[in-house]
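Below is one structure, written out as structure tokens; the observations come after it.
The values are calculated or read from the model by the stated rules, or taken from the named source; none is laboratory data. Note that the coordinates shown come from a computational prediction; the quantities given were computed from them, not determined experimentally. Quick reminder, even Gly has a Cβ in these numbers, built from the backbone with ideal geometry, and neighbours come from all protein chains shown.
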Amino acid sequence: MFIKHLVVLLLPAAAHAFVVPSVATLPKPLFLSSVEAPTEERFTIFVGNLPSDSTQEGLEALFSQHGSVSSVNVPTNRETGQVRGFAFVDMSTADGMQAAIDALNGEDFHGNELRVSESVPKDQLKKKDNKNKDVMAGYKKIYVGNLPYDIDRDELSEFFSVYGDLQDIYIPTNADTGSGRGFAFLTFKEEDANRAVSDANGKELNGRPLVVNEPLQAGERPARPARNNNNNDDRVKLYVGNLSFYTVRETLQEIFEEFGTVIDCYMPEDPETGGTRGFGFVTMPKDAANRAVAEIDGCEVDGRAIRVNVAQPKGRGRN
């Protein structure tokens with residue numbers, strides 16, 4: 001009798017011991033809240049100088065020839081629906097990304113010479129030489145400004161070939177008109193590049209005195225010119241807000257260069273974390289700045305709709 005009752009009493013406990021609650025009813029361990037999920041590695045490509053008739057499908061077809069494409073983001077004007085002149089393409093692998101860059105950078109696409117480069121994550125910036133990104137060891141890239149808008153590669157090659165063999169000539173063009181923007185980037189062997197900077201700066205080409213120097217490094221800012229008492233400076237500083245913390249200075253500058261010369265691009269850093277603070281400033285000539293505000297304000301960059309307007313003097317709030 002005693003044994004019979006003992007079995008009856010134990011059965012509910014045993015049955016309860018083997019009931020497995022659903023995952024939804026399990027209490028969340030406290031220590032999990034402090035563990036961050038691993039960040040998925042991205043292989044993002046910046047594509048500049050896109051023609052206005054570009055489509056997401058067309059870009060996906062183009063890049064998929066060189067690897068698996070994860071996603072394509074082609075920002076468009078909210079009012080007109082027209083392509084803004086640049087895009088971001090995510091490849092599935094690093095090899096696919098590099099293959100696409102090697103094959104498509106400088107290639108003709110619907111009449112425009114594409115500018116294709118890696119969109120570098122913030123945590124990898126220090127691993128790269130920002131001044132000469134995508135330049136082979138022993139070579140250097142130089143900036144050539146104040147060029148006529150109708151300049152072509154042959155004219156630049158003829159003028160600068162006296163300093164050495166040119167590895168590459170890149171002339172950014174206007175996405176709408178196809179004409180140049182008044183500047184270019186040339187790549188020489190390092191000693192030839194130094195000689196070109198030293199000798200060609202100030203020389204005339206087609207009646208215009210050239211500005212020849214080395215591109216600024218990331219975070220480096222140009223020297224401030226002496227103030228003009230007549231206040232005739234037509235440069236405009238733009239405020240760029242709501243930036244993703246993944247967006248880096250190189251990406252921001254590349255986007256704005258699609259609409260004109262970028263004189264300065266600056267993204268303040270958080271002194272405690274070393275990361276960006278979610279906003280930046282871009283200085284451009286007045287006409288280029290107006291185009292940039294009209295085309296880029298509200299554009300999605302790294303998953304966020306950015307805000308672009310004329311920067312207000314210190315002490316004034318933004319509307």
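Take F245 and tell me if it is modelled with pLDDT of 70 or more, under 17 Å from S119 (Cα atoms), buried (at least 20 other Cβ atoms within 10 Å of the Cβ) and aromatic (F, W, Y). Here the answer is no, as F245 does not meet what is asked.
If you go through the range 61-91 and pick out every residue that is more than 16 Å from I306 (Cα to Cα) and at pLDDT 85 or above, you end up with 15. Please indicate, with yes or no, whether at least one residue in the range 121-134 is in contact with a Lys or Arg (Cβ under 8 Å, 6 or more places away or on another chain) and at pLDDT 70 or above. Checked the range 121-134: no residue is in contact with a Lys or Arg (Cβ under 8 Å, 6 or more places away or on another chain) and at pLDDT 70 or above.
Can you work out which of the residues in the range 61-106 that are in contact (Cβ under 8 Å) with a residue 12 or more places away in the chain and among the β-branched types (V, I, T) is surrounded by the most Cβ atoms within 10 Å (Cβ to Cβ)? This residue is V89. Touching a residue at least 12 places away in the same chain (Cβ under 8 Å) and closer than 18 Å to E113 by Cα: is that true of D154 in this structure? Considered against the rule, which asks whether it is touching a residue at least 12 places away in the same chain (Cβ under 8 Å) and closer than 18 Å to E113 by Cα, D154 comes out as no.
Would you pick out the residues in the range 99-120 that are modelled with pLDDT of 85 or more and either under 16 Å from the mean Cα position of the chain (by Cα) or among the basic types (K, R) (or both)? The answer is I101, N105, L114, V116.
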